Amino acid sequence: MAFLRIMDFSPFGVLVLASTLAAHIAGSRAAAAVNVVRNKNGVRLTQDSGPRGRLEISTTDPMFSGSNSGSKTVWLPVCSEGFTDAKAEVMCQLLGYKSGRTYYTDSVANSPIPSNGFAARFINCKNSTYPNRRLYGIGSADDTADVRTGNRIHARSLSYRQYAVAIPRRASITCGFFIGLCAPQGPFAGIQCSDNPLLPAAPTSLPPPSRPPYEDYIRLVGGQFPWDSRRVESNLCPTSNQELCEDFGRLELRVPALNGDTSGDVWAPLCAVESDNENAESAAALRATIATVACQQVYGWPKLRPMPTLIVSGSLPTEEPLVFQVPQGPVDPSTAPARGSTFDPRAVSAWVTITNHPGNTPSMLQDGSLTVSTTPCKRLFALRCIPLDARRHQ
């Protein structure tokens, strides 16, 4: 009533009321800004502002931190594939909000992370007070539906390890995740949180771009199940070990063209990993990593094309020779047997050597340290790729 009397009879009172309201509004806005939470309980928001942005989850697993003490925290973005409004709401609840939904901007979804970074996917959470009770929409109904539609999320998830999100015990929620395929380029998941109910997020006018098809950047000549498919060229086969060509193959990687050629990418044969007494151990480890990553990339694992297999295994020759010798001098195609072809180094414009690879899973050979040259190598890398189901029937 005092305000009414001032407003009715005193011009000065109007100014007092206006000042009071302005101060109240400014105070409310300041309080709201203070109440915006972007990092809590092992979950945080990056990019954008306020209670929305790119979702990142934390982990102390040595796989990512490199520390066995569990004291180092690493933050991972989450792949947008399979990430739903239900999962966004649980992530927002961990941040202290009452509701949440997925959120998309081009920057949130597609700004790349460092090339050696990891991403998470298939987040599944449960109430730690009731361990057998999964949270609604997190690893239950939605993932089961994906299995019914043929995506085989659970089947593929069983083929590699689940890691834990670093959530404090007081949160009464535990969450796990698997390594995602979307690093480093995305698309990544974003969330929008609120203390008020939110309607489901509207579809984006431009859907996030799909990840590059890793399997389109590699090809395996021979060494691939079924064994009666295309084999390596006949003039690469040593007379002392015919099984090398029957069971193993060589690799070609898609790389940028050299010498100012703007026509695009070219296919470069992968040279063998050379070694001596000083680096024999590290060279052997690099060969094993190349075989594993290459076979997973060839088959698009773990996001396999419509195949019933779960795991793809890569193996190396164990009997000399362990590599394919590149022919020296002119090659006469007419000397090739009826079933086969010849490998002509003169027809190759680029050769690639891998000197190091982080061995991230999933990954592609192009994530390693590559040297591309016009100088032919003397020996080619040999390997064999076996899907799990095929290996069981051997």
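The values are calculated or read from the model by the stated rules, or taken from the named source; none is laboratory data. All of these numbers come straight from a predicted model, not from anything done at the bench. Using ideal geometry, Cβ is built from the backbone for each residue, glycine included, and neighbour counts are taken over all protein chains shown. The protein model used for the area step is the full one, side chains on, heavy atoms only, and it has no ligands, DNA or RNA in it. Shrake-Rupley method; radii C 1.70, N 1.55, O 1.52, S 1.80 Å.
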Answer yes if at least one residue in the range 136-148 is crowded, with 20+ Cβ neighbours inside 10 Å, modelled with pLDDT of 85 or more and not β-branched (Val, Ile, Thr), and no otherwise.
no
Out of (1) surrounded by fewer than 18 Cβ atoms within 10 Å (Cβ to Cβ); (2) modelled with pLDDT of 90 or more; (3) in contact with a Pro (Cβ under 9 Å, 6 or more places away or on another chain), the one ARG219 does not meet is (3)
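Per-residue answers, yes or no, for (1) among the charged types (D, E, K, R); (2) modelled with pLDDT of 90 or more; (3) open to solvent by less than 20 Å² (accessible area, probe 1.4 Å):
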site: SER67; (1), (2), (3): no, no, no
site: LYS72; (1), (2), (3): yes, no, no
site: SER99; (1), (2), (3): no, yes, yes
site: ILE113; (1), (2), (3): no, no, no
site: PHE118; (1), (2), (3): no, no, no
First in the range 209-221 and more than 16 Å from LEU383 (Cβ to Cβ), second anywhere and at pLDDT 85 or above and open to solvent by 60 Å² or more (accessible area, probe 1.4 Å), Cβ under 7 Å, 6 or more apart:
TYR217/ARG254
Scanning the range 51-73 for residues that are free of Cβ contacts under 8 Å to residues at least 40 places away in the same chain and touching a Ser or Thr at 6+ places or on another chain (Cβ under 8 Å), the one farthest from PRO200 (Cα to Cα) turns out to be SER67
Mind telling me which of the residues GLY42, GLY13, GLY27 ends up being modelled with pLDDT of 90 or more and open to solvent by less than 70 Å² (accessible area, probe 1.4 Å)?
GLY42
Of the conditions (1) at pLDDT below 90; (2) open to solvent by 50 Å² or more (accessible area, probe 1.4 Å); (3) over 30 Å from PHE324 (Cα atoms), ALA164 fails just one. Which one is it?
(1)
PHE177: passes all of (1) at pLDDT 75 or above; (2) touching a helix residue (DSSP H, G or I) at 6+ places or on another chain (Cβ under 8 Å); (3) aromatic (Phe, Trp, Tyr) but (2)
